[in-house]
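Laboratory data are not the source of any read-out in this text; all were calculated from the coordinates shown. All values reported here derive from a predicted model rather than from experimental measurement. In this analysis, Cβ positions are derived from the backbone assuming ideal geometry, glycine residues included, and neighbour counts consider all displayed protein chains.
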Amino acid sequence: MTSDDRIALMVFTRDLRVADNPALTAAGRGSKLICAFVYDDALRAGCPMDRRRIEFLSECLADLDDSLRRLGSRLEERKGNWVNEVLRLVAETGARTIHMGDDVTPYAQRRFRGLEQAVGRTAKVCRSPGLTILPPGLLMPAGG
């Protein structure tokens with residue numbers, strides 16, 4: 001294993017916590033950890049954010065960066081097309097794994113599929129549970 005094989009990229013999306021974050025834990029196992037958040041152009045266009053939401057997100061990301069720095073990492077912030085920016089980070093860092101918390105929304109699922117297709121054999125995409133207590137589809141109502 002070369003040193004490049006030990007670089008992991010953790011891409012935060014909606015789950016901005018450090019404590020008890022399965023994706024962050026998986027990314028940090030035996031690897032140099034690079035952490036990032038991408039301000040997704042497509043998402044911002046579909047849901048314009050007012051000043052208060054932008055301030056709140058900025059505060060959350062600053063808090064996340066502080067927490068990551070205490071763990072020996074830091075948060076890299078990017079803006080643009082989410083898939084393209086993640087691919088750019090992979091190319092810049094030499095990461096061989098891309099970790100993120102799974103998300104059940106149709107938009108997030110399309111974004112994950114787009115990344116998985118675009119990354120090819122360059123890196124492995126690893127999704128960990130996190131936003132839901134139980135995996136989607138595990139529980140069914142009595143009526144089906």
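What to note about this one:
- Residue-by-residue Karplus 3J(HN,Hα) for segment 21-30, coefficients 6.51, -1.76, 1.60, Hz, glycine and proline x: 9, x, 5, 5, 4, 5, 5, x, 5, x
- Computed from phi, the 3J(HN,Hα) profile of segment 120-126 under the Karplus parametrisation 6.51, -1.76, 1.60 (θ = phi - 60°) reads x, 9, 4, 8, 9, 8, 10 Hz, with x in place of Gly and Pro.
- Restricting segment 43-121 to trypsin sites (Lys or Arg not before Pro) that sit in a DSSP loop and have at most 15 other Cβ atoms within 10 Å of their own Cβ leaves Arg74, Arg121.
- Estimated FRET transfer efficiency when R0 is 25 angstrom, pair Gln117-Leu71 (beta carbons, to 0.05): 0.20
- Close amide-amide hydrogen proximity is noted between Asn21 and no other residue 5 or more places distant or on a separate chain, at a cut-off under 5 Å (H modeled in the peptide plane; Pro and chain starts excluded).
- In terms of packing, defined here as the mean over residues of other Cβ atoms within 10 angstrom, the peptides 7-14, 98-105 line up highest first as 7-14, 98-105.
- Relative contact order of the chain: 32 percent, from C-alpha pairs under 8 Å at least 6 residues apart in sequence.
- Here the chain is treated as a sphere whose radius is the Kirkwood value from Cα pairs; by Stokes-Einstein at 4 °C and 1.567 mPa s it diffuses with a coefficient of 81 µm²/s.
- For Thr13, nonlocal amide neighbours, meaning residues 5 or more places apart or on other chains whose placed amide H falls under 5 Å from its own, are Gly101.
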